[in-house]
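No value in this document is a laboratory result; all are computed from the given coordinates. Source: prediction; values computed, not measured. Here the Cβ positions follow ideal geometry from the backbone for every residue, glycine too, while neighbour counts run over all protein chains shown.
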Amino acid sequence: MKNNKSALKVNKGVEKPPMINASAIKKINKKKAESKNVDYYVNGILKNDRAILAKAITLIESSLKSHREIANGILEACIPYSGKSIRIGITGVPGVGKSTFIEAFGTQLTNLGHKVAILAIDPSSSRTKGSILGDKTRMENLSNDKNAYIRPSPAAGSLGGVARTTYETIILCECAGYDIIIIETVGVGQSEIEAHSMVDFFLLLMLSGAGDELQGIKRGIIEMSDAIIINKADGENIAAAARAMAEYKNALHLFPPTSSEWIPRTGTCSSIDGNGIIEVWKMVNDYVELTSKNGFFQENRKHQEIKRFHNHIKSYLINNFYSDKNILQKINDYEQLIESHQIDVYTAANSIINQNFSLIDKNEKSNSK
């Protein structure tokens, strides 16, 4: 029998609040929608919003098709605002002090009122494909400079001392108002040709006291250099640096004149005490003044654009070829046939190419008639 005279009474409880904040979700969705808008990125870059600039560069570096589509839109919109900087490439063997030099050099430039973007290329592991990307930690003072922007990028298997998207990153940084772009290459010696093809002034850093200086000269890298600077010319190393500079200066006379009419210069500097740093900037200014007057500066930029045009075609073909699932399956099948010695490498490669480049195959047949 039910007892209605109980002293216990259960009151109606308070409604439990929702687990998800609807307002926060709305903001997140709005941000996601904006991030898919090209105008959102371009306007942010023009305002020099570093966070948006960094996101745009990440999109450009991405290999995802959806990211590449919006990245191409960003690039097309930014190109009209680009091309107004001085682009400087800095190379040298690992341990020469590139990062320390760039911090001292970049600080001098920001003190002079310039806005400097440093694109530091880190070598990638051939096994893990990863990069340390620690240049910001090596340029601590410059990292905190409001007029400097440091972007480390992985080489990711690209040759020539630069990353696959270095040139595209240059365009975005110029759009953001940086009037000096410094590219710190991996430092791989003679294969720095790609870095040279996207800068105006190419600087080679060298060390003294590391054996026979002249034996360290490699014709390819020396011919591309507009200046050779002996770094770490401080303390007991000052005299050795001066001797090394003299040897390089004499050696440069053995090379033919450059098409720019610029005579490559040599010098010494210390990234620690700052001696010789401002002289490097004077060299760059002298070079820009000379080549602007004789027309080489503008012609060189045009040639670089044509090279970029061909590189983009190659990159597009390679990326699309290796992203096709059917092609990847065929490649896997041929790899197994090669391993079992049922087909040779050249026959397999030609078969893949002929099956997937029908237009090229048709042209070859018509040309052979």
Note to self: Taking 45 Å as R0, compute the FRET efficiency from the Cβ-Cβ separation of Tyr322 and Arg301 and round it to 0.05.
What the structure shows: 0.90
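Where does each of Glu236, Glu184, Glu279 land when they are ranked from fewest to most other beta-carbon atoms within 10 angstrom? Write down the numbers at each step before the final one.
Working: Glu236 7, Glu184 27, Glu279 14.
Going from sparsest to densest Cβ surroundings: Glu236, Glu279, Glu184.
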Next item on the list: Find how much the distance from Arg68 to Asn356 grows on full extension, using 0.36 nm per residue of separation minus their present alpha carbon separation; answer in nm with one decimal.
Entry: 101.4 nm
Next item on the list: Can you tell me the order of 99-106, 38-45, 301-308 when each peptide is scored by its average per-residue count of other Cβ atoms within 10 angstrom, highest first?
Entry: 99-106, 38-45, 301-308
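Kindly state, to the nearest 0.05, the FRET efficiency for Glu279 paired with Ile193, given R0 = 22 Å and r defined as their beta-carbon distance.
Values: r = 27 Å, r/R0 = 1.22.
Calculated value: 0.25.
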Note to self: Once you place label points 7 Å from the Cα toward the Cβ at Lys84 and Asp333, how far apart are they in nm?
What the structure shows: 5.5 nm
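Please sort 66-79, 339-352 by packing, taking for each peptide the average over its residues of neighbouring beta carbons within 10 angstrom, highest first.
Working: 66-79: 16.7, 339-352: 11.6.
Taking the mean over residues of other Cβ atoms within 10 Å, the ranking is 66-79, 339-352.
On average over all directions, what projected area in square nanometres does segment 214-357 have, based on the convex hull of its Cα atoms? The partial results should precede the final answer.
Working: hull surface 58.6 nm².
Averaging across all directions leaves 14.7 nm² for the Cα convex hull.
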